[in-house]
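No lab work stands behind these numbers, since they all come straight from the coordinates. Not measured: the values here are computed from a predicted model. Neighbour counts run over all protein chains shown; Cβ positions are idealised from the backbone, glycine included.
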Amino acid sequence: MAGPLDTITVIDLSTVIAGPYAGHILGDLGARVVKVEPPAGDIMRAAGPARSPGMGAAFLNCNRNKESRVLDLKDGAQRDELLDMLGEADVLLHNMRPAAAERLGLGYEPVAARNPRLVYCAIVGYGQDGPYRDRPAYDDVIQAEAGWADLQARTGGEPRYAPTIVADKTTGLYAVAAITAALLARTVSGTGQYVEVPMFEVMASFLAVEHLAGRTFRPPLGPTGYGRVLSPHRRPYRTKDGYVCVMPYTAAHWRAFFAAAGRDDWASDAALGSDAARAAMIGTLYERLAECLAADTTGHWLALLRGLDVPCAPVNAIDDLLEDEHLTAVGFFQPTLHPSEGDILGVRSPLRFAHARRAPTDPDAMNGGR
């Protein structure tokens, strides 16, 4: 059968990353996604290296498997064309500020009046029932405001942003989940609905899972912050010739590692047998781990630890992934011939459904409609 969303049509008015990322995942799941851009194009077209003007790498990677349309929504006739498209669509996805959408006549009420079955998904910076509702929001702003940058400082050093567009992409994933849930609800109710996906609340929720910690309880049982992941000793470890990632997690892992490293005294530590005791001394355990790993090479440790079934990995650069034997075996990277950009390299969807085809990377998608 075709992809699980094969019967769904999505009109994607979004720009930059969060919405386009959500749209490309919906496309990978089989939906027909029509990206509608203004004449000036999505601002993300200019980001990163490009072979042709307006066809930057990040834009290509976020907008695969989409059809492309150019409409000036300030022009009445072209806006009516969009409204006609929405009358036949299943999903509208946008990241305009709600007030801007209203000014264009694209708020939920007038659009839903034309098509009551439409799932209308608005990615916003902040929930519209709060005092921040009108503020502009981008990834760096949300990383700072939701606590991510401060968590980086709590491991030592200064506040830092993640070296990836983590708030945008996480919000995009939440949007996909919300849209598919609303589509499922529509099969029962017969009607669509308005779906709001606020970046600030999404990231606050994302981080609260482990970092609300002691403040989960009332009165508090301790501070915020999950100690294991905030330990300054949690990091790739230096070996004789590089770095290695090692993640002993269970008592059996720790005992096997310390015994193999010749530290029977640490392997026999009674505290290893208690989950709570290990958690309380995790900084010490990571220090011991670092001391052992410095004694031999990365290759030595990977071979030994894999033999013991202790979780471990090399510290890869992004370039290393292009030659990774597992990613090669599963056909993760897909060379394609783009109609305007020539030979390009994309990635396939990581998802697989037993009774649906895996969506290919469409080389004809996102030629920009120009």
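Key figures for this structure:
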{"quantity": "The chain: angle of helix 199-211 to the longest principal axis, Cα-based, in degrees nearest 10", "calculated": "20"}
{"quantity": "In Hz, Karplus ³J(HN,Hα) per residue of the stretch 84-96 (6.51, -1.76, 1.60; θ = phi - 60°; x = Gly, Pro)", "calculated": "5, 4, 5, x, 10, 8, 9, 9, 10, 10, 8, 10, 6"}
{"quantity": "Debye, to nearest 20: dipole size of the stretch 141-223, +1 on Lys, Arg Cβ, -1 on Asp, Glu Cβ", "calculated": "200"}
{"quantity": "Placed amide H near residue 124: partners under 5 Å, 5+ positions off or other chain", "calculated": "197, 199"}
{"quantity": "In sequence order, calculated HN-Hα J values of the stretch 19-34 (Karplus, 6.51, -1.76, 1.60; Hz; x Gly/Pro)", "calculated": "x, x, 5, 4, x, 6, 5, 4, x, 4, 7, x, 5, 7, 10, 10"}
{"quantity": "In Hz, Karplus ³J(HN,Hα) per residue of the stretch 63-79 (6.51, -1.76, 1.60; θ = phi - 60°; x = Gly, Pro)", "calculated": "10, 5, 6, 10, 7, 10, 10, 10, 9, 8, 6, 7, 8, x, 5, 6, 5"}
{"quantity": "Percentage, to the nearest whole number, of Cα pairs in the chain over 26 Å apart", "calculated": "62"}
{"quantity": "Likely footprinting exposure, 212, 5, fewest C-beta neighbours within 10 Å first", "calculated": "212, 5"}
{"quantity": "Where N is the number of residues in the stretch 79-176, Cα Rg divided by 2.2 N^0.38 Å", "calculated": "1.36"}
{"quantity": "Residue-averaged 222 nm ellipticity for the chain, from DSSP H runs of 4+ at -39500 (n - 2.57), nearest 500", "calculated": "-11500 deg cm²/dmol"}
{"quantity": "Calculated P(r) of the stretch 169-322 - Cα pairs past 18 Å, %", "calculated": "70"}
{"quantity": "Spacing of the two label points (7 Å from each Cα toward its C-beta) at residue 322 and residue 356, in nm", "calculated": "3.2"}
{"quantity": "Debye, to nearest 20: dipole size of the stretch 237-314, +1 on Lys, Arg Cβ, -1 on Asp, Glu Cβ", "calculated": "120"}
{"quantity": "Alpha carbon convex hull of the stretch 237-314, projected area averaged over orientations, nm²", "calculated": "4.3"}
{"quantity": "Whole-Å distance, taken between Cα centres, linking the stretch 314-328 and the stretch 76-124", "calculated": "42"}
{"quantity": "Radius ratio Rg over Rh of the stretch 14-64, counting only Cα atoms, Kirkwood formula for Rh", "calculated": "0.96"}
{"quantity": "For residue 228, net neighbour charge (Lys/Arg +1, Asp/Glu -1) across residues whose Cβ lies under 9 Å away", "calculated": "0"}
{"quantity": "Summed residue charge, Cβ within 15 Å of residue 286's Cβ, Lys/Arg positive, Asp/Glu negative", "calculated": "+4"}
{"quantity": "Using a Förster distance of 30 Å, the FRET efficiency for residue 50-residue 160 (Cβ separation, nearest 0.05)", "calculated": "0.60"}
{"quantity": "Residue order, fewest to most beta carbons within 10 Å, for 174, 21, 249", "calculated": "249, 174, 21"}
{"quantity": "Cβ-based charge dipole, the stretch 105-172, positive-most Cα from 127, 172, 151", "calculated": "172"}
{"quantity": "Coil-residue GluC sites (Glu not before Pro) of the stretch 254-355, DSSP, other Cβ within 10 Å capped at 13", "calculated": "323"}
{"quantity": "Burial order of peptide ranges 93-105, 31-43 (average beta-carbon count within 10 Å, highest first)", "calculated": "31-43, 93-105"}
{"quantity": "Distance in nm between pseudo-label sites at residue 84 and residue 140 (7 Å out along the Cβ direction from Cα)", "calculated": "4.3"}
{"quantity": "Taking 349, 14, 274 and counting other C-beta atoms within 10 Å, the order from fewest to most", "calculated": "274, 349, 14"}
{"quantity": "For the chain, size of Cβ-based charge dipole, Lys and Arg +1, Asp and Glu -1, in debye", "calculated": "480"}
